[in-house]
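Structure first, commentary second.
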Amino acid sequence: MTSQPFDYPIAKTYRTIGESLIRRLSHVGMRPGKLSLAGGYPGAELFDRDGLLAASDAVLHESPVACLQYGPAEGLPVMREAVVALLASRGMRCTPDEVLITSGSQQGFDVVIRTMMAPGEVAIVERPTYTGPLRALRVAGAEILTVGIDGSGIDVDELAELLEGRRRRTQKLPRLIYTIPTFGNPSGATMNRARRLRLLELAVAHRLLVLEDDPYGALRFAGEPIEQLHALADSVPGARDLVIHFGSFSKVIAPGLRIGFMVAPKPVRAACTIARQLIDLSSPGWIQMTVARYVATGALAAHLPLIRDGYRVKAEAMRSALESVLGNRFGCHFPEGGMFAWGRLTGGHSARDLLALAIDEGVTFVPGDIYYADRPDAATMRLSFSQPTVDGIREGVARMGRALDRLDAGERKPLDLG
Ligand code: PMP
């Protein structure tokens, strides 16, 4: 007698959400002989292994109990103080009791969404936006609205119309907007100062929480910095209470540390601290101590220019390779920092059709449609220049060129992620 397979009672949202396509494409691209322009992975040659080893060794010698014992859910005081000092050096003012250390900024969105978004609550995201919070909002059962962006960030007129329209029609008002104002993922776009101020004014007028995600802000390799929304909120009456700022050490030190932080109004931080007590009790003490020391001793500040220079060179290598190989068959926006170029096929092809052939040629990238909560543009794609070497970038783009030639010649292949 064969028994029926057990039907595990997995919640519908987790049955339908699917695994991350970006992760799968990154893995396909990292197989021997393949190249990945897909994941937002830092360049491994830029990890400061020696600096981290020295910091981790020192803290374990000096403070073994803080490293190895259970610690507070909100994060160790030295880690929170290091975050406050780091943000102050970038022009942002906050206190340690507004800071919550998280296991990556991804956990920050997750706890904010868990604690504030009941099913049916309304959120606004950029079109296109990063998939992490998008997926967390979907799992929470949120209604997701979108607002367009261009190279200068959110279209604030469209946002004003969206908010005023819902108010006029007495529809449920959005509770939050999630934005990546500096070197957006996937767009690479940076919101200009005037739009940042208008966004904050709209937030005050419509009682809208602003979730500012800023993992890439310190990776500026061209142009002039613009204040974070959290910093600008000091000059817009009522705005400071509405901004929740998320930061991360993943892109500037290493994602394997899983250390990020959020700066939030105290009631939000208190609710999120309780969520942390339920999820994982706290971020690892030894890692927090190591990162705090690495930041406080100036090792991060000393190492950052190497990362910026590395990405400047890689971005330029990608820009010139795309121009010479794909020419006007591909329109591309290059950012002033961060890790991503965002482009669009101009010949009417879909990025997924190109991807299927590109995998065959031995290169991966991310089709842009996954970054849209609605109205996807099938011709778009995200190309990451941070992880591959300069030679890898040139070879990867050459492979994309061969794939596009095949597509232009009428060839089609099903997408095979192996
Ligand atoms: N926000 C954005 C915009 C990202 O691109 C990423 C990672 N790709 C994250 C947050 C998550 O980073 P972390 O490793 O800090 O969880």
For the chain, with +1 on Lys and Arg beta carbons and -1 on Asp and Glu, the positive-most of Leu232, Gln69, Ser350 along the dipole: Ser350
The stretch 229-349: relative contact order as a whole-number percent, Cα under 8 Å and 6+ apart: 13
Dipole moment magnitude, nearest 20 debye, the chain about Cα centre, only Lys, Arg, Asp, Glu C-beta charged: 640
Given charges at Cβ of Lys, Arg, Asp, Glu: the chain dipole, positive-most of Ile113, Phe249, Pro186: Ile113
Label-to-label distance, nm, for residues given as Ala222 and Gln277 (7 Å Cα→Cβ offset): 4.9
Mean Cβ neighbour count within 10 Å, used as a protection proxy, ranking 11-17, 277-283 highest first: 277-283, 11-17
Semi-axes of the equivalent ellipsoid for the stretch 176-300, Cα gyration tensor, largest first, Å: 26, 20, 12
Inter-part distance where the stretch 16-35 and the stretch 283-351 are each reduced to a Cα centre, Å: 19
Pairwise label distance in nanometres, Thr115 with Leu417, each label 7 Å out on the Cα-Cβ vector: 3.2
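Go through Lys34/Lys314; Lys172/Lys251; Lys34/Lys413 and tell me which ones have a Cα-Cα distance over 26 Å in this structure.
On the way: Lys34/Lys314 18 Å; Lys172/Lys251 36 Å; Lys34/Lys413 18 Å.
With Cα atoms farther than 26 Å apart: Lys172/Lys251.
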Cα pair distances of the chain binned at 10 Å [whole percent]: 5, 21, 30, 26, 14, 3, 0, 0
Axial C-alpha extent at least 30 Å, average Kyte-Doolittle at least -1.0 - helices from the chain (DSSP): 299-325
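Applying 1/(1 + (r/R0)^6) with R0 = 51 Å to the Cβ-Cβ distance of Arg402 and Arg90, what FRET efficiency is obtained, to the nearest 0.05? Write out the running numbers ahead of the final one.
Numbers: r = 43 Å, r/R0 = 0.84.
In this case the efficiency is close to 0.75.
Where both residues lie in the chain, what percent of DSSP beta bridges are antiparallel, nearest 5? Display every interim value, and only then the final one.
Details: 22 of 41 bridges.
Of those bridges, close to 55 percent are antiparallel.
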Histogram of C-alpha separations across the stretch 289-418, 5 Å bin width, %: 2, 10, 18, 21, 17, 11, 7, 6, 5, 2, 1, 0
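Filter the trypsin sites (Lys or Arg not before Pro) in the stretch 185-236 to those in DSSP coil with at most 13 other Cβ atoms within 10 Å of their Cβ, and list the result.
Numbers: sites: Arg193, Arg195, Arg196, Arg198, Arg207, Arg220; in loops: Arg207.
Filter output for the stretch 185-236: Arg207.
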Distance from the stretch 386-413 to the stretch 122-174 (C-alpha centre basis), Å: 34
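Run the helix sum for the chain: -39,500 (n - 2.57) per DSSP H stretch of 4+ residues, divided by residue count, reported at 222 nm to the nearest 500 deg cm²/dmol. Could you put the intermediate results ahead of the total?
Values: 15 runs with 181 residues, N = 418.
That comes out to -13500 deg cm²/dmol.
Could you quote the convex hull projected area for the stretch 2-90, Cα atoms only and averaged over all directions, in nm²? Intermediate values should be presented prior to the final figure.
Details: hull surface 51.6 nm².
One quarter of the hull surface, i.e. the mean projection, equals 12.9 nm².
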Karplus (6.51, -1.76, 1.60) ³J(HN,Hα), θ = phi - 60°, over the stretch 239-256, in Hz, Gly and Pro reported as x: 7, 4, 6, 9, 9, 10, 9, 10, x, 8, 9, 4, 8, 9, 10, 5, x, x
Full-stretch length increase - Glu323, Arg15 - with 0.36 nm per residue and alpha-carbon distance subtracted: 106.7 nm
Rg and Dmax of the stretch 146-205, Cα atoms only, in Å: 11.8, 35
Whole-Hz couplings from phi, Karplus 6.51/-1.76/1.60, listed for the stretch 117-122; x for Gly and Pro: 10, 6, x, x, 5, 10
Cα→Cβ-extended label distance, 7 Å offset, between Arg49 and Arg168, nm: 6.1
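With an 8 Å Cα cut-off and a minimum separation of 6 or more residues, compute the relative contact order for the chain in percent.
Working: 784 pairs, mean separation 97.5, N = 418.
Relative contact order, the chain: 23 percent.
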Among Gly39, Val390, Leu137 the positive-end extreme of the charge dipole of the chain (Cβ point charges): Leu137
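None of the figures in this text is laboratory data; all of them are computed from the coordinates on show. The model shown is predicted, which means the values in this text are computed figures rather than measured ones. Cβ coordinates were reconstructed from backbone atoms using ideal geometry, including for glycine residues, and neighbour counts include every protein chain displayed.
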